[in-house]
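Structure, as structure tokens:
The values are calculated or read from the model by the stated rules, or taken from the named source; none is laboratory data. Bear in mind that the values here come from a model prediction, so they are computed numbers and not experimental data. Quick reminder, even Gly has a Cβ in these numbers, built from the backbone with ideal geometry, and neighbours come from all protein chains shown.
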Amino acid sequence: MFAYDFMQNAFLASTFIALTTGIVGVFVTARGMSFLAHTLSEIGFAGAAFAVFVGIRPLDGMLLTTILSSVTVGKLSVRASRREASISAVSSLFTGLGILFLALSAKSSSYATTILFGSIIGISRADVWQLVALAALVLVTMSVAFRSLAFDSFDPVGAAAQGLRRNVIGIYFLLILAVSVSIGAQIVGSLLVFILLTLPPAVAKYLGRTLPQMLVISVAAALIGVWSGLVLGYYTNWPVTFFIAAIECVFYFAALLVHRRRD
Amino acid sequence: MASPLLTVDHLTFGFHDRQLYSDLSFNLARGSMTSLIGANGVGKTTLIRLLMGQLTPQSGHITHAPDMRLGYVPQFRNIDPEYPLSLRSFIQLNQRGHWFPWHTQAEKQQLDAVIRKTALTARQGQLLGKASGGEKQKAYLAQALLTEPNFLILDEATASLDVNTKTELMTLVRQLSQQFGLTVLFVTHDLELAREYTDQYLLLTATGHELRSTQLMEPANMPAELRPAEEVR
């Protein structure tokens, strides 16, 4: 299996993706931003489709649109009363735009499938290095901002009382989320990237009691999911995304069960 | 005689539609415990924001001793029953002395000490979301104590607690104040607690203010909504 370049690339890429989404996801869940992550992935879809249309790499298109829109979308979602409608409106618009760009670029429909549902054969070595570099950027800046980000995410009232600059932290995290959505989409596709950003952290939330425990559980759940997904996909020829989604759902419901039992 | 920790001198402040105080003057001695009382809307929270430096006085001065380190325990926390962290992990969030994510041995020892001070050692592994109201308040207090303040502002810390838990928490606060010379400003509606656990009270009213020993507190002179009869309801 590892004799093939594309499998090596896929494993390397998915390892870094799982690390990033596993860690970032813990904060997405704590900050109640799962819905926003989903919207950003739809915006990323439009960006990737736009990239195909103008002839740049899909990942670059995704990064461009998610980073540019993250702060605006984040602001829109602050007021709970308007959140759902505003975000749904933005989601619809960008999904529509994505379809438009794909139609205009007149590429085969397999392109759409790749962007939406992911592909492991499509990842070149150069793509892998770009993913690794982006993941490293996210992880390194997060380790520096970790304590403030953790305080702000898990106890916003306390963080405000201690005089943390919550605006700055909020914007920083939206940018990090934009990058994470874009790189995560390279394996599971933009339609399902929020699986990796929400289910492993949800497992961690049910099973962990400390932040380090939650991070380890979340990353482990993400890694086991993508690795097993790749192996199963390789031997069955079924879509990897299906296996990843199924495995993460099994993890989630199992963790929920354990959590309920404990109560 | 040591200089006061905090001096408020002829403070005037108001919002464009409403004057809150004119000529408010008082000082807080080191190690003292003071209740801040007054009817809703009289400007207790605004005064705290002024003391914390989040608002600027229109005239007058707020002077604090150069070594003052303020710890603030806010009134409302949004901790739901599903909240994932243990008491210990929650308290630890306020430990921000280093830029790296992991905690040093010295930090762990400091955390242990604060947890011991707040009598949470046996309960530190408990999930905060499942903890009792009193344990939650102690955890909030412990979190604020991590920065080693010598001036602690407690904003309605006992509001949602039953009588026994209130007593327990205030005994703890008084003990900390005596042991470590902590100056405490306790915002409350509870005259009984104010009289029992604090040395003096600062009463804010629409027309002025008074700072007196709690020994001299006369419920009859208090705003109607604070009198015990009203509290029972």
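Some points to look at:
- Selection of first residues in the stretch B:55-66 that are more than 16 Å from residue B:45 (Cβ to Cβ) and of second residues that are crowded, with 17+ Cβ neighbours inside 10 Å and of a type outside the set (Lys, Arg), restricted to Cβ pairs under 7 Å at least 6 apart or on distinct chains, gives the following pairs, ordered by first then second residue: B:58/B:13; B:60/B:11; B:64/B:5; B:64/B:6; B:65/B:5.
- Close pairs from the stretch B:119-133: first more than 10 Å from every other protein chain (Cβ to nearest Cβ), partner of a type in the set (S, T, N, Q) and assigned to a loop (DSSP other than H, G, I, E, B), Cβ under 7 Å, at least 6 apart: B:133/B:160
- Pick from the stretch A:134-144, criterion within 11 Å of another protein chain (Cβ to nearest Cβ) and either without any contact (Cβ under 8 Å) to a residue 12 or more places away in the chain or over 26 Å from residue A:12 (Cα atoms) (or both), ranking: farthest from the chain's Cα centre (by Cα): A:144
- The combined condition, being out of contact with any His (no Cβ under 7 Å at 6 or more places or on another chain), buried (at least 17 other Cβ atoms within 10 Å of the Cβ), touching a residue at least 60 places away in the same chain (Cβ under 8 Å) and at negative phi, is not fulfilled by residue A:164.
- The one condition in (1) within 14 Å of chain B (Cβ to nearest Cβ); (2) in contact with a Gly (Cβ under 9 Å, 6 or more places away or on another chain); (3) of a type in the set (A, V, I, L, M, F, W, C); (4) touching a residue at least 40 places away in the same chain (Cβ under 8 Å) that residue A:187 fails to fulfil: (1)
- Each residue in the stretch A:102-116 was checked for being of a type outside the set (Gly, Ala, Ser), over 16 Å from residue A:182 (Cβ atoms) and either in contact with a Ser or Thr (Cβ under 6 Å, 6 or more places away or on another chain) or assigned to a helix (DSSP H, G or I) (or both), and 4 of them qualify.
Per-residue answers, yes or no, for (1) within 12 Å of chain B (Cβ to nearest Cβ); (2) under 21 Å from the mean Cα position of the chain (by Cα):
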site: A:164; (1), (2): yes, no
site: A:168; (1), (2): no, no
site: A:175; (1), (2): no, yes
site: A:182; (1), (2): no, yes
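- Residue in the stretch B:35-57 that is in the same structural domain as residue B:173 (by TED's automatic domain parsing), in a strand (DSSP E or B), over 24 Å from residue B:182 (Cα atoms) and aliphatic (A, V, I, L, M) present: no
- Listing of helices (runs of 4 or more DSSP H) fully contained in the stretch A:119-200 that carry 2 or more residues being more than 21 Å from residue A:61 (Cβ to Cβ) and of a type in the set (Gly, Ala, Ser): A:125-154, A:156-161
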